[in-house]
Amino acid sequence: MSRIFLKSAAVAFASLAVSLLLTLIVVPAMGFPFNRTMWLTCTVCPLALAWIASAYTFWQGERLKGAHRDLARAHAQLAAAHRRLSEKASRDDMTGMLNRESFFAALDASRRKSDRGALLIIDADHFKIINDSYGHLTGDDALLLIASAIERGVRSGDVIGRIGGEEFGAFLIGATEQEAKRVAERIRREVELIRFRPVDERIIPLTVSIGGVTCGEGAAVSDLMRAADRRLYQAKHRGRNLTILDTDISEAA
């Protein structure tokens, strides 16, 4: 408020100076004598009117600036809320990993940037038995442990997501065949090492079967999924707790 007062005072006194200057030049040139009324008119009127008008103008300007600041703040808050909602919508509620739709969107985007990489499909073994024997809440606890093991097993920058009830996907960006095998085996081992004791200190073994395929040049995401699924099916039928990885789509066909 003090800034508005000072700015208005500056405008008012500038108006007074201009009014006096013009009066001293114009009145003698027209042959009129100076009197008290003329002096009051050329001083009080511009001083009062300029002060009031400029104060109101500056006050309105400050209000407009404040409104612009509030609008910018509200816009920033809205953008942040939109980002949070978008992030939440892309995540699985329980594990915090990418959900199925977001995982495949990220996989497709990664494939457009580089043909190199490997897709792993990771499925929890005998999970229905855990749900049926101990309940779905215990099953959820087991899934969280498995999800954490997968996160520990992959490399920084790899894309991971929950793509089904107890099924996870991992796209190893730029991975060679040997790198993909090492990561898949590390995930399998991390899960196998879990000591899951939901009740009565009894350990329930947790294992996963993994099917994978390295990316052939120009291979579609659907082709990669089918190839990895076939290898996962083989791992399940060879005794589970196994990793089977193809070198390319042609070998999986």
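The numbers here are math on the coordinates, done by the rules we state, and not lab data. The model shown is predicted, which means the values in this text are computed figures rather than measured ones. Backbone-built Cβ (ideal geometry, glycine too); neighbour counts: all protein chains shown.
Working from label points 7 Å from Cα in the Cα-to-Cβ sense, the ARG238 to ASP108 distance is 3.2 nm.
Relative to the 2.2 N^0.38 Å rule of thumb, region 98-138 has a C-alpha radius of gyration ratio of 1.76. At an R0 of 41 angstrom, the distance between the Cβ atoms of ALA74 and SER148 translates into a FRET efficiency of 0.60.
Applying 0.36 nm per residue to the separation of ALA220 and ARG182 and subtracting their alpha-carbon distance, the gain on full extension is 11.3 nm.
P(r) tail for region 94-253: Cα pairs beyond 25 Å make up 25% of the total.
Potential lengthening of the chain between TYR134 and LEU193 amounts to 19.2 nm, from the contour at 0.36 nm per residue minus the alpha-carbon distance. Relative to the compact-globule estimate of 2.2 N^0.38 Å, the Cα radius of gyration of region 150-239 comes out at 1.19.
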